[in-house]
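Chemist: Let me give you the structure first, and then I'll get to my questions.
The values are calculated or read from the model by the stated rules, or taken from the named source; none is laboratory data. Remember, predicted model here, so these are calculated numbers, not experimental data. Cβ coordinates were reconstructed from backbone atoms using ideal geometry, including for glycine residues, and neighbour counts include every protein chain displayed. SASA here: full protein model, heavy atoms, side chains in, ligands and nucleic acids out. Shrake-Rupley method; radii C 1.70, N 1.55, O 1.52, S 1.80 Å.
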Amino acid sequence: MSQPPCDAAIIGAGPGGYVGALRIAAMGGRATLIEQRAVGGVCLNTGCIPTKALLHVSKLYADLKDAGAMGIHVDGVGFDFAQAVAYKDKIVERLTKGLSTLLKQRGVDVITGRGRLIDANTVGVDSADGVLRINARNIILAPGTVAASLPGIDPDGRQILDTDHVLAMRELPESILIIGAGPNGVETATMLAELGSRVTLVEVLDRVLPTVDPEAGKEVARSLKKRRVTLHCKTKIDGVERRGDRVVSQLSDGQTVETAAVLVAVGRRTQIDGLGLDEVGVRHDGRFVEIDEGCATSVPGVYAVGDVTGRGPYAHVAYRQGTVAASNIMGRPMVEDYRVVPTVVFSHPEVAQVGTTEDQARSAGMEVQAGRFRYQASGAAQAFGEPNGFCKLLAEAGTHRVVGATIVGFRAAEVIHEVAVVMKADATVHQIAETIHAHPSLAEPVAEAADALFGVPLHSL
Ligand SMILES: Cc1cc2nc3c(=O)[nH]c(=O)nc-3n(C[C@H](O)[C@H](O)[C@H](O)COP(=O)(O)OP(=O)(O)OC[C@H]3O[C@@H](n4cnc5c(N)ncnc54)[C@H](O)[C@@H]3O)c2cc1C
């Protein structure tokens, strides 16, 4: 079985792979996309979108319960988990169907099966009829990740769960212990606690969200405690035992916690086994595939994009890399330096960051100035009933070039992009301070932080 050569055969139809295919098609090329499960990858099916749909539901529910102070009295406000899950499933179905249609309309061939490199111009797809060989001028590897686990704590999908299982639940667990207070653990803790589960969150490092600015982590820890989440930091899990319909977890701080379920949220691992990397000579370190700024691997004509490259486990990084690889394949050279990558934890409040944090800058020997503004003093944040959070803007001392920001607060995921664009344009804090920001808006805290950085704060001390 063989097909005429296409411009690119792409292994994996997540954000990296499908964007690569759409871009190649938009530039007049022919792409073949090979996917073993469902188009859209982790992001559309079991990641970004379903989790945000459920977080939207949980926030609305929590807001309605708290709306009495605004004069809204909802009698007997109730909650049906099965219906919330159906709402989430409908969104996923709508988006994946839409993507399939778009791929079809753009003329992208989608092949279902598991792909692997045979040589630098051939992908093999195993099927019941034998091996389908796809000949291509170029190949893009976009196999993404699967949930990582902990030794001795194997998810069974019933009582011990990974993040995929949480999204497949049909009943809200009365109680849950979550291992790992990174983005996935914190987002899940937020959602389940808002819906009414009793949540215990255990983190081996000394704080919640260890990779974000410590002030942001503290703000999120406060909000989790308000939702009655019990936090155990600097704590390991010494053992997990199923006892009937309960799970008993032994913590290294000596406590024993009994819950209906345990979620293992300790990150992701890449899927490179069986891809044929060593056979073809694609360099990797056992986890990530090595790429250059144009997403090219060590083998000419073979590119890699998305989580497998280790340049940031975010859908938007994968999107960008899909575009970069596609452009290079279609003869329009493009590179990405990853200097400006906004990241968001969709807790309530949200934590959004771009560029460096204060600590990172200092340990890299960079002298920075910080301007801060608290949401409490923002008219918009007060009016929206969301007064918790802050904006911290960082500039290189002397030049005032913006080098980073951390925003914690309502809609921080949207607001961070003002700073991202300023950084991409290599602009300074002056440009932010001198731009008239609409009032009342959640962008104003960015301008207020810029004023504060120059020592002329407006609505704060
Ligand atoms: C719970 C959760 C929430 C998340 N929330 C966010 C968020 O809010 N924002 C954000 O930016 N990121 C989020 N992420 C991360 C985001 O989903 C990933 O960064 C993104 O999906 C990576 O895209 P990718 O193209 O590299 O791979 P993936 O999305 O992992 O897709 C890879 C695809 O390749 C397929 N595949 C693998 N090997 C083969 C093979 N040999 N043959 C054929 N097919 C193969 C897989 O079946 C899969 O469909 C979240 C992740 C999780 C788990």
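Chemist: Can you work out which of the residues in the stretch 290-335 that are in contact with a Ser or Thr (Cβ under 6 Å, 6 or more places away or on another chain) and within 14 Å of Ala13 (Cα to Cα) is farthest from the ligand (Cβ to nearest atom)?
Modeler: So the residue we want is Ala304.
Chemist: Out of Pro387, Pro457, report the one residue that is at pLDDT below 95 and open to solvent by 10 Å² or more (accessible area, probe 1.4 Å). Working first, answer last.
Modeler: Numbers: Pro387 fails: at pLDDT below 95.
Unique residue meeting the criteria: Pro457.
Chemist: Something else: Test of understanding: among Leu192, Leu201, Leu205, which residue is open to solvent by 40 Å² or more (accessible area, probe 1.4 Å) and at negative phi? I'd like the intermediate steps shown before the answer.
Modeler: Values: Leu192 fails: open to solvent by 40 Å² or more (accessible area, probe 1.4 Å); Leu201 fails: open to solvent by 40 Å² or more (accessible area, probe 1.4 Å).
Matching residue, one of Leu192, Leu201, Leu205: Leu205.
Chemist: Here is a further query. State all residues of the stretch 150-177 that are among the polar types (S, T, N, Q) and within 13 Å of the ligand (Cβ to nearest atom); if no residue qualifies, say none.
Modeler: Initially, the stretch 150-177 is screened for residues among the polar types (S, T, N, Q), giving 159, 163, 175.
Passing the criteria: only Thr163.
Chemist: Next question. With respect to the numbered conditions (1) more than 16 Å from the ligand (Cβ to nearest atom); (2) part of a strand (DSSP E or B); (3) not β-branched (Val, Ile, Thr), which one is the sole condition not fulfilled by Ala352?
Modeler: (1)
Chemist: To continue, here is another question. So, in the stretch 231-266, how many residues would count as being in a strand (DSSP E or B) and surrounded by fewer than 17 Cβ atoms within 10 Å (Cβ to Cβ)? Lay out the reasoning, then the answer.
Modeler: Just the residues of the stretch 231-266 that are in a strand (DSSP E or B), to begin with: 231-232, 237-243, 246-251, 256-259, 261-264.
The next check asks that each one be surrounded by fewer than 17 Cβ atoms within 10 Å (Cβ to Cβ); those that pass are 238-239, 241-243, 246, 248, 250, 256, 258.
Selection size over the stretch 231-266: 10.
This table checks each residue for (1) under 21 Å from the mean Cα position of the chain (by Cα); (2) outside any strand (DSSP E or B); (3) over 15 Å from Ala136 (Cβ atoms).
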| position | (1), (2), (3) |
| --- | --- |
| Tyr303 | no, no, no |
| Asp307 | yes, yes, yes |
| Gly312 | yes, yes, yes |
| Ser327 | no, yes, yes |
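Chemist: Here is a further query. Taking the condition within 29 Å of Gln255 (Cβ to Cβ), touching a residue at least 40 places away in the same chain (Cβ under 8 Å) and surrounded by fewer than 17 Cβ atoms within 10 Å (Cβ to Cβ), does Ala148 pass? Spell out how you get there, then give the answer.
Modeler: On the way: within 29 Å of Gln255 (Cβ to Cβ): yes; touching a residue at least 40 places away in the same chain (Cβ under 8 Å): yes; surrounded by fewer than 17 Cβ atoms within 10 Å (Cβ to Cβ): yes.
In short, yes.
Chemist: In addition: Would you confirm, using the coordinates I've provided, whether Leu99 is within 16 Å of the ligand (Cβ to nearest atom) and either surrounded by 13 or more Cβ atoms within 10 Å (Cβ to Cβ) or within 30 Å of Leu117 (Cβ to Cβ) (or both)?
Modeler: Details: within 16 Å of the ligand (Cβ to nearest atom): yes; either surrounded by 13 or more Cβ atoms within 10 Å (Cβ to Cβ) or within 30 Å of Leu117 (Cβ to Cβ) (or both): yes.
Spelling it out, Leu99 is indeed within 16 Å of the ligand (Cβ to nearest atom) and either surrounded by 13 or more Cβ atoms within 10 Å (Cβ to Cβ) or within 30 Å of Leu117 (Cβ to Cβ) (or both).
Chemist: Hey, another quick one. Would you call Tyr338 open to solvent by less than 50 Å² (accessible area, probe 1.4 Å), on the phi > 0 side of the Ramachandran plot and either in contact with a helix residue (DSSP H, G or I) (Cβ under 7 Å, 6 or more places away or on another chain) or away from the ligand (no atom under 13 Å from the Cβ) (or both)? Before the answer, list the steps.
Modeler: On the way: open to solvent by less than 50 Å² (accessible area, probe 1.4 Å): yes; on the phi > 0 side of the Ramachandran plot: yes; either in contact with a helix residue (DSSP H, G or I) (Cβ under 7 Å, 6 or more places away or on another chain) or away from the ligand (no atom under 13 Å from the Cβ) (or both): yes.
In short, yes.
Chemist: Restricting attention to the stretch 272-289, which residues are closer than 19 Å to Val146 by Cα and open to solvent by 40 Å² or more (accessible area, probe 1.4 Å)? Reasoning before the result, please.
Modeler: We begin by selecting, within the stretch 272-289, every residue closer than 19 Å to Val146 by Cα; these are 272-277, 284-289.
Correct list: Asp273, Gly274, His284, Asp285, Gly286, Arg287, Phe288.
Chemist: May I pose another question? Mind checking which residues of the stretch 355-403 are within 20 Å of Gly217 (Cα to Cα) and either aromatic (Phe, Trp, Tyr) or assigned to a helix (DSSP H, G or I) (or both)?
Modeler: Answer for the stretch 355-403, where residues must be within 20 Å of Gly217 (Cα to Cα) and either aromatic (Phe, Trp, Tyr) or assigned to a helix (DSSP H, G or I) (or both): Glu358, Asp359, Gln360, Ala361, Arg362, Ser363, Phe373, Tyr375, Gln376, Ala381, Phe390.
Chemist: Okay, next question. Give me the residue from the stretch 2-44 that is more than 7 Å from the ligand (Cβ to nearest atom) and of a type in the set (S, T, N, Q) and, out of that set, most open to solvent (accessible area, probe 1.4 Å).
Modeler: Here the residue is Ser2.
Chemist: Restricting attention to the stretch 45-57, does a residue exist that is surrounded by fewer than 11 Cβ atoms within 10 Å (Cβ to Cβ) and at negative phi?
Modeler: Quick first cut of the stretch 45-57, residues surrounded by fewer than 11 Cβ atoms within 10 Å (Cβ to Cβ) only: none.
For the stretch 45-57, residues surrounded by fewer than 11 Cβ atoms within 10 Å (Cβ to Cβ) and at negative phi: absent.
Chemist: Based on what the data block shows, is Ile140 over 24 Å from the mean Cα position of the chain (by Cα), surrounded by 18 or more Cβ atoms within 10 Å (Cβ to Cβ) and within 16 Å of the ligand (Cβ to nearest atom)? Reasoning before the result, please.
Modeler: Working: over 24 Å from the mean Cα position of the chain (by Cα): no; surrounded by 18 or more Cβ atoms within 10 Å (Cβ to Cβ): yes; within 16 Å of the ligand (Cβ to nearest atom): yes.
It is false that Ile140 is over 24 Å from the mean Cα position of the chain (by Cα), surrounded by 18 or more Cβ atoms within 10 Å (Cβ to Cβ) and within 16 Å of the ligand (Cβ to nearest atom).
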